[in-house]
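Take a look at the structure below.
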Amino acid sequence: MRTAYSVETVRAAERELMARLPEGALMARAAAGLAAVCAQLLTRRRGRVYGSRVVLLAGPGDNGGDALYAGARLARRGAGVTAVPMDPERMHPGALAALRAAGGRVAESVPARADLVLDGLTGIGGRGGLRPAAAALVERIPAGALVVAVDLPSGVDADTGEVAGPAVSADVTVTFGAYKSGLLIDPGASRAGAVRLVPIGLELPDRAELEALQHADVARLLPLPGASSDKYRRGVVGVVAGSEQYPGAAVLAVAGALRGGAGAVRYVGPAAEAVLARYPEVLVGPGRVQAWVVGPGLGSGRAAEVERALADRDVPVLVDADGLRGLDPEAVRARRAATLLTPHAGEAAALLGVAREEVEAGRLAAVRGLAGRYGAAVLLKGSTTLVASGGGGGGGAGGVVRVNPTGTPWLATAGSGDVLSGLAGALLAGGLSGVDAGAVAAYLHGLAGRFAAGALAAGAPGAGGLAAGGAPVVAQEVAAALPEAWRSVRA
């Protein structure tokens, strides 16, 4: 499992390590790892480091020092290295001396051409957007240069991923010792590019601020049938979805549930004819279930159906889409069984009583706020899907939040969320907790989207951010690709 930590936690681990090391040893480790990644990138791009043009955007703190020391190493390998300081009077003195001794130079303005630009302006200590002097340097980054961020793209909040004003858009981010939460959450994640972790010997606590499941974690959580399983032991999912206006939502939610490992799916709603035409194995009408999925395509005026599902306090319930309208926090908090809410940013904003833009800019705060308010697991859909637990010291109390590492922009298509709801409902019926069901469903759904779009070869690992390749897909193709996603994580 990939884990990410807060700035406070990382700083504490750094102080503890520096107390045991000779002065400057930790920065030397970071600079060596940074220079090695830059050398690999330059070799891949130009065939060699020698003769490359490297520009260092150097801030006044340790982040600038890391960039200058790394630049010195590249200069000793024959690169032409130019440092451009944000504040010439506050450059790291030891690093500056090392750069000059290696043949690097200092300039007042950013050169017009560069093969690689190292962003060492602010790092993880930056808050509240870039200062004008730093923003001016960022605006002058030469077009076509490969941009490498030192620890974190400048202008991105390391703890939340928030971006307040101008920020660096990196092709690669080299981060030290631990992943930072802002590297994995949008909008910061979209600024980070490919993230490379350089170990520097930090001893970190077992409990992180953020977790990202990997293939092995998902394979361990998947509910698999045994020799004595029957359809009831595997879990029956009740789906309350669809309407005369949106019958397809019911079909797609049922598809996600069937492909999500449910032993049987029971449909309740006005779209039974459309559901049975596509899936004749579905049971129709009320009956006993191990989990409910309520909300996709319900339309207005059906709040009573949501209330009935929530009133069955001992059966897990997933609430999505129209089911989230006017949702009563007390009704959710009174439940004994798992409750999983799956809003997108607009629905989350309505539940929190804030503007959608506030949710999109501060996704971590939003998912934690919802989990705390409703005492439920919350899956906040989006370019980076987040899952928080609302009970027992979970997401609402600042607990660990899971970020989904799979997906593709092609999943931004009508009905995709309905498939996700059915899939997560099947996992709830299979016995997973709300947060596990949400995280595993998001992971498999993201993989299925990649397979359906042709953005990922079968058997390839599923971590590492959104895959932009491939071609357009429709939601039913995502549902059809779910078995391939299961096979991939268990390969």
Name the single residue, out of those in the stretch 266-298 being β-branched (Val, Ile, Thr) and within 22 Å of Leu324 (Cα to Cα), that is most open to solvent (accessible area, probe 1.4 Å). Val268
Single match in Ala75, Ala39, Ala67, Ala83 (criterion: modelled with pLDDT of 95 or more and surrounded by fewer than 20 Cβ atoms within 10 Å (Cβ to Cβ)): Ala39
Ala337 - would you say it is in contact (Cβ under 8 Å) with a residue 24 or more places away in the chain, part of a loop (DSSP other than H, G, I, E, B) and open to solvent by less than 40 Å² (accessible area, probe 1.4 Å)? yes
Return the only residue of Ala304, Ala350 being open to solvent by 10 Å² or more (accessible area, probe 1.4 Å), closer than 22 Å to Tyr246 by Cα and out of contact with any helix residue (DSSP H, G or I) (no Cβ under 9 Å at 6 or more places or on another chain). Ala304
Residue among Thr384, Thr342 that alone is over 25 Å from Asp312 (Cβ atoms), in contact (Cβ under 8 Å) with a residue 24 or more places away in the chain and of a type in the set (Ser, Thr, Tyr): Thr384
For the subset of the stretch 314-334 comprising residues that are within 22 Å of the chain's Cα centre (by Cα) and open to solvent by less than 10 Å² (accessible area, probe 1.4 Å), which member is nearest to Gly430 (Cα to Cα)? Leu318
Which residues, counting only those in the stretch 183-227, are touching an Asp or Glu at 6+ places or on another chain (Cβ under 9 Å), farther than 28 Å from Ala167 by Cα and among the acidic types (Asp, Glu)? Glu203, Asp217
Could we say that Ala350 is over 19 Å from the mean Cα position of the chain (by Cα), modelled with pLDDT of 95 or more, on the phi < 0 side of the Ramachandran plot and not in a loop (DSSP other than H, G, I, E, B) here? yes
Within the stretch 249-288, the residues that are assigned to a strand (DSSP E or B) and not basic (Lys, Arg) are Ala264, Val265, Tyr267, Val268, Leu283, Val284
Across the stretch 237-259, the tally of residues that are in contact with a Ser or Thr (Cβ under 7 Å, 6 or more places away or on another chain) and open to solvent by 10 Å² or more (accessible area, probe 1.4 Å) stands at 0
Quick one: is Ala453 closer than 26 Å to Gly297 by Cβ and at pLDDT 95 or above? no
Take the conditions within 18 Å of Val37 (Cα to Cα) and in contact with a helix residue (DSSP H, G or I) (Cβ under 6 Å, 6 or more places away or on another chain) and apply them to Gly120. Does it pass? yes
Counted residues in the stretch 173-192 being farther than 13 Å from Arg2 by Cβ and more than 13 Å from the chain's Cα centre (by Cα) come to 4
All positions within the stretch 345-377 that are under 16 Å from Arg402 (Cβ atoms) and touching a residue at least 60 places away in the same chain (Cβ under 8 Å): Arg363, Leu364, Ala365, Ala377
Would you pick out the residues in the stretch 199-236 that are aliphatic (A, V, I, L, M), within 20 Å of the chain's Cα centre (by Cα) and surrounded by 13 or more Cβ atoms within 10 Å (Cβ to Cβ)? Ala208, Leu210, Ala212, Leu213, Val218, Ala219, Leu221
State the number of residues belonging to the stretch 218-244 that are outside any helix (DSSP H, G or I) and at pLDDT below 95. 10
Do the conditions hold for Arg44, that is, is it of a type outside the set (Asp, Glu) and part of a helix (DSSP H, G or I)? yes
For the stretch 42-57, enumerate the residues that are within 24 Å of Ser154 (Cα to Cα) and buried (at least 20 other Cβ atoms within 10 Å of the Cβ). Leu42, Ser52, Val54, Val55, Leu56, Leu57
Given the condition surrounded by 20 or more Cβ atoms within 10 Å (Cβ to Cβ), on the phi < 0 side of the Ramachandran plot and at pLDDT below 95, answer yes or no: does some residue in the stretch 480-490 qualify? no
Of all the residues that make up the stretch 147-177, how many are surrounded by fewer than 21 Cβ atoms within 10 Å (Cβ to Cβ) and farther than 18 Å from Glu357 by Cα? 3
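The values are calculated or read from the model by the stated rules, or taken from the named source; none is laboratory data. As the structure is a computational prediction, the values presented were derived from the model and not from experiment. Reconstructed Cβ throughout: ideal geometry from the backbone, glycine too, with neighbour counts over all protein chains shown. With ligands, DNA and RNA removed, areas are computed over all heavy atoms of the protein, side chains included. Shrake-Rupley method; radii C 1.70, N 1.55, O 1.52, S 1.80 Å.
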